[in-house]
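Please read the structure below before turning to the comments.
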Amino acid sequence: MTTTPDIGQRLPLLFLGNEADPASERGVSCPGELPPASDPRLVERATAAKAALGDRVFVLGHHYQRDEVIRFADVTGDSFKLAQQAAARPEAPYIVFCGVHFMAESADILTAAHQQVILPDLAAGCSMADMATFDQVEETWEALEDAGIAADVVPVTYMNSSADIKGFVGRHGGTVCTSSNARRALEWAFSRGSKVLFLPDQHLGRNTAVLEMGLSLGDCVVYNPHRPNGGLTRRELADAKMILWRGHCSVHGRFTKESVDDVRARVPGVNVLVHPECKHEVVTAADHIGSTEYIIKKLDAAPAGSSWAVGTELNLVRRLAAAHPDKNVMFLDKTVCYCSTMNRIDLPHLVRSLETLAAGEVVNRIQVDEETAHYARAALDQMLALP
Ligand code: SF4
């Protein structure tokens, strides 16, 4: 087995602007001049370029995007809903995806051949998706074959993974899942094999298996791709039901049990509402757990005067607090917790995308090669066919 460099070496921090990391899912370059962030006409320029494009452009805004970007979105949602919305708009040849790289890849896979998907900043990646590379997962599968258990394993990957990983899973008869259908995906997988390799978010995998399906923590092992055989013995692999990839979200992984205890002490009667990408000790201390769409609906339905501490990305929590002035909606953690890569998509990048498209030039197109797209589509189709 080859030695994988330390993750800190592979994924250097990028400064805001034009830079990109060619070794990650974030893309290969970020060409072109950006308008200065200080330009007071940015809103006017984006409005004019979007109007000039008319129905030829469809702008998607992920829930975690900045307000300055969301205001130009034709639709907002989570990654899968946005990819579906793009596919439902074949009359728009240009899809500007205000989200991160893996989301734009999924949109490219699901949209028609004549539609081009544009990511305003190619360096807008996802640290979680970057934690599972194709080579690492191939090596892992070889390790499972060497351990004599690969035939029993069904791979399941979270939507938050690169097209390469979705393609790997499709090639090996597995499925994609979202945070809304992870339980159904695992039930389906366990009807076909006795073990699941869950990529790349260990927390979503563990929380779903233990809290929704009755597996024990002892049924789960964590596969560390930076160690030979994942750092696991053959016995541990043979006994495990859930083989969890050692990946996590750098935003949701920051919430702690202490932050839950702290808000309960400060705010009597508070409801703690968190995303299943949070650590197991956080979700077990919370009152409600669910996807981004679940969180939005839960707050919509909450009675006036109720208090909510929400553990998800800060841009969304701030918008939810503003949308529910009759409720006491607060951020679960005391420290700022934006998704730094989502935040790379700012108004200057959006203006550049819209203006270059209006001028007939496509900058920062995301295109998945046909073979990868074929197998990734198989894994996505399997998700859509889940009972
Ligand atoms: S919030 Fe987490 S999972 Fe979502 S894009 Fe940011 S790092 Fe990735």
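The values are calculated or read from the model by the stated rules, or taken from the named source; none is laboratory data. Note that the structure is predicted; figures quoted are calculated from it, not measured. Cβ placement follows ideal geometry from the backbone for every residue including glycine, while neighbour counts extend to all protein chains displayed.
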Kindly indicate whether any position in region 271-292 is crowded, with 18+ Cβ neighbours inside 10 Å, part of a helix (DSSP H, G or I) and at pLDDT below 95. yes
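Find the helices (runs of 4 or more DSSP H) located wholly in region 41-118 whose residues include 1 or more that are closer than 11 Å to Leu350 by Cα and more than 16 Å from the ligand (Cβ to nearest atom), and list them. Don't jump to the end; show me each part of the working.
On the way: elements: 42-53, 67-70, 79-87, 101-110.
Of the helices (runs of 4 or more DSSP H) lying wholly inside region 41-118, those with at least 1 residues that are closer than 11 Å to Leu350 by Cα and more than 16 Å from the ligand (Cβ to nearest atom) span 42-53, 67-70.
Looking at region 184-202 only, could you name the residues that are among the basic types (Lys, Arg), touching a residue at least 40 places away in the same chain (Cβ under 8 Å) and outside any strand (DSSP E or B)? Give the steps one after another, and end with the answer.
Our first condition is that a residue be among the basic types (Lys, Arg); within region 184-202, this holds for 184, 192, 195.
Within this subset, residues satisfying the condition of being touching a residue at least 40 places away in the same chain (Cβ under 8 Å) are 184, 195.
Matches in region 184-202: Arg184 only.
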What is the number of the single condition among (1) touching an Asp or Glu at 6+ places or on another chain (Cβ under 9 Å); (2) in contact (Cβ under 8 Å) with a residue 40 or more places away in the chain; (3) farther than 22 Å from Ile109 by Cα; (4) not acidic (Asp, Glu) that Gln367 does not meet? (3)
Could you list all residues from region 228-251 that are surrounded by 23 or more Cβ atoms within 10 Å (Cβ to Cβ) and at pLDDT below 95? Val251
Might you check whether a residue that is in contact (Cβ under 8 Å) with a residue 24 or more places away in the chain, within 26 Å of Ala37 (Cα to Cα), within 16 Å of the ligand (Cβ to nearest atom) and under 23 Å from the mean Cα position of the chain (by Cα) occurs anywhere in region 254-271? no
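Residues are listed down the side, and each one gets a yes or a no for (1) closer than 30 Å to Asn343 by Cβ; (2) of a type in the set (A, V, I, L, M, F, W, C); (3) within 16 Å of the ligand (Cβ to nearest atom):
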position	(1), (2), (3)
Trp141	no, yes, no
Glu145	no, no, no
Thr175	no, no, no
Ala182	yes, yes, yes
Phe190	no, yes, no
Val196	no, yes, no
Pro200	yes, no, yes
Val210	no, yes, no
Met213	no, yes, no
Would you call Arg365 at pLDDT 95 or above, surrounded by fewer than 17 Cβ atoms within 10 Å (Cβ to Cβ), in the same structural domain as Ser106 (by TED's automatic domain parsing) and more than 30 Å from Val283 (Cβ to Cβ)? yes
Tell me which residues, restricted to region 271-288, are out of contact with any Gly (no Cβ under 6 Å at 6 or more places or on another chain) and more than 10 Å from Val310 (Cα to Cα). Pro276, Glu277, Lys279, His280, Glu281, Val282, Val283, Thr284, Ala285, Asp287
Restricting attention to region 136-152, does a residue exist that is touching a strand residue (DSSP E or B) at 6+ places or on another chain (Cβ under 8 Å) and under 24 Å from Thr284 (Cβ atoms)? no
